[in-house]
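The values are calculated or read from the model by the stated rules, or taken from the named source; none is laboratory data. These figures come from a predicted structure and were not determined experimentally. Neighbour counts are summed over all protein chains in view; Cβ atoms, including those assigned to glycine, are modelled from backbone coordinates with ideal geometry. Side chains are part of the model used for accessible areas, which takes the heavy atoms of the whole protein and leaves out ligands, DNA and RNA. Shrake-Rupley method; radii C 1.70, N 1.55, O 1.52, S 1.80 Å.
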Amino acid sequence: MNLRGTLPTLILEALEHQPDHGYSIAQRIKGRSKGVLDFKEGTLYPALHKLEQEGLVESYEEVEKGRTRRYYRITKAGRGALAKGRAEWKKLSGAVSGILREA
Amino acid sequence: MTALDEWLNIATRELSPESAVQVRAEIEEHYRSALDGGATPEAAIAALGDPKAANQANKKVLLTEYESRMAPVYARGTRPSVRSMVSSTVFFVAIFAWLMTSTFKYGTRIAPLWIVMWSETPLRWILLPTTPERSRILVYAGYARDVIASAVAWWTFDLNAAVIIGVVLFLFRRVLDVPRTAVLQKLEAGQTYSLPSREHELTSFEASFLRTLRNGDPSRKYAVPFLFVMVGVLTAWLPQLFGAILFMLAIRFSVPYVVDVYTPERSRWFRVAKWTLMALAAVFPVLLGAKARWAPAAYIAFLFWLFDAKRISLRRKLPVEEWPKELYL
């Protein structure tokens, strides 16, 4: 399934409760969607950079078992964008469901 | 080279060195995490997806090599000097006066268009495009000016002229102005760049020109043959006026293939010879008493401005070790 437009919202959703690093974010999205949302992980980091540029997430580095990892956490603006994204998705999925029910 | 290296080479193509290092660190860490999670190397690479798609996405958010060269020019924020503003204004007024008073058939019709075209210049002096917001304002103001210029062209000429002018202005705006906003956004987001030596002193035209000299702008392979065809046609039509120019161009473009001019000393002699030939090509029609004998001199002045003026400035600003081959010519 094509994820392009919804990936930023899914990333914010994955970061809602705790900061995380890129690989874990990707696994969480795939896991919670039970494998339905299988996006290409190479495009995850450009999406994260874009969210960072927009001020919706911020990043920091942590050293873990001798390895430096970059973690991302959601900002206040990011929470607002997530709420907006959820509302828009609810509206869209409601509209699509209505059409499919009628069909 | 491993499969991951191959993937990363494609995914980091045309990115600035700093951006490429950042992408490599992220993806290598991601790959290691995948292997720690039990994935095979092949599965981990497959999960990353198409490196070309990743490269396109990276170029949208990270500085490319070209953008990193333009970044210091965009971010510099210095106004043009008073001398530059005065000379620009004098040039505008002189051309306007000539259009209004000369016997040139279309002078008075082009004059309003000239005013509209120049109107953007003072705005750029006042509103330096050093932030994404200011850059965006200038782009929108520029689009408005382009629409007005098309409308004036329609009013003074016809719809065809309006369409041609509109398309040309739009393309110039897309190529020259719009990328500036993207670069400033990336810089504001914390992207960094580093440049060797004195490249930060270059103007935007010089930086752009240097890039084409270094990377081999694809349009150059058409520009030189087109130049020869154009001068060849002009020579066939007016041999007395343009024959010497054709000869000068033939020497200019053939000598570097025959003689190694790529040392500072030889380059200097080559340029002296080249400019001597240019001067002779300008003077020759005058000596022959040919009609419109000013035309070759004007054409050579245009060629000098197009090809040589920026090179002179670049040679002055850059150390010899950083000269691309084209700068020796």
| Which pairs do you get when a residue that is closer than 18 Å to B:Glu322 by Cβ, found in segment B:254-271, comes within reach of a residue that is open to solvent by 50 Å² or more (accessible area, probe 1.4 Å) and of a type in the set (Val, Ile, Thr), reach meaning Cβ atoms under 6 angstrom, with the pair 6+ apart or on two chains? | B:Pro264/B:Val320
| Members of segment B:156-193 that are open to solvent by 40 Å² or more (accessible area, probe 1.4 Å) and either within 13 Å of chain A (Cβ to nearest Cβ) or small (Gly, Ala, Ser) (or both) | B:Gln185, B:Glu188, B:Ala189, B:Gly190
| request: Go over the candidates A:Gln18, A:Gln53, A:Gln27 one by one and state the one that is open to solvent by 40 Å² or more (accessible area, probe 1.4 Å) and under 23 Å from B:Gly190 (Cβ atoms). | output: A:Gln53
| task | Please verify whether segment A:82-90 includes one or more residues that are within 21 Å of A:Ser24 (Cα to Cα) and not hydroxyl-bearing (Ser, Thr, Tyr). | result | yes
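Checking the conditions here, which among B:Glu120, B:Glu67 is in contact with a Pro (Cβ under 8 Å, 6 or more places away or on another chain) and either open to solvent by 60 Å² or more (accessible area, probe 1.4 Å) or not hydrophobic (A, V, I, L, M, F, W, C) (or both)?
Working: B:Glu120 fails: in contact with a Pro (Cβ under 8 Å, 6 or more places away or on another chain).
Residue meeting the stated conditions: B:Glu67.
Restricting to helices (runs of 4 or more DSSP H) lying wholly in segment B:2-91: which have 1 or more residues that are away from chain A (no Cβ under 11 Å)?
B:3-11, B:17-36, B:41-48, B:65-76
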| task | Kindly list the number of the only condition in (1) of a type in the set (A, V, I, L, M, F, W, C); (2) assigned to a helix (DSSP H, G or I); (3) open to solvent by less than 20 Å² (accessible area, probe 1.4 Å) that fails for A:Phe39. | result | (2)
| task | Go over the candidates B:Thr235, B:Thr263 one by one and state the one that is in contact with a Gly (Cβ under 8 Å, 6 or more places away or on another chain) and either modelled with pLDDT under 80 or not small (Gly, Ala, Ser) (or both). | result | B:Thr235
| Of the residues that make up segment B:100-116, is at least one surrounded by 16 or more Cβ atoms within 10 Å (Cβ to Cβ), assigned to a loop (DSSP other than H, G, I, E, B), of a type outside the set (Ser, Thr, Tyr) and modelled with pLDDT under 85? | no
| task | Answer yes or no: is there a residue in segment B:239-260 that is aromatic (Phe, Trp, Tyr), open to solvent by 60 Å² or more (accessible area, probe 1.4 Å) and over 30 Å from B:Leu176 (Cβ atoms). | result | yes
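Going by what's in this entry, would B:Ala97 be described as part of a helix (DSSP H, G or I) and either open to solvent by less than 20 Å² (accessible area, probe 1.4 Å) or out of contact with any strand residue (DSSP E or B) (no Cβ under 7 Å at 6 or more places or on another chain) (or both)?
Working: part of a helix (DSSP H, G or I): yes; either open to solvent by less than 20 Å² (accessible area, probe 1.4 Å) or out of contact with any strand residue (DSSP E or B) (no Cβ under 7 Å at 6 or more places or on another chain) (or both): yes.
Yes, satisfied.
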| query | Which residue out of B:Ala279, B:Ala273, B:Ala290, B:Ala244 is outside any helix (DSSP H, G or I) and not aromatic (Phe, Trp, Tyr)? | reply | B:Ala290
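The rows are residues; the columns are (1) more than 12 Å from the chain's Cα centre (by Cα); (2) β-branched (Val, Ile, Thr).
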| site | (1), (2) |
| --- | --- |
| A:Leu7 | no, no |
| A:Val36 | yes, yes |
| A:Ala47 | no, no |
| A:Arg70 | yes, no |
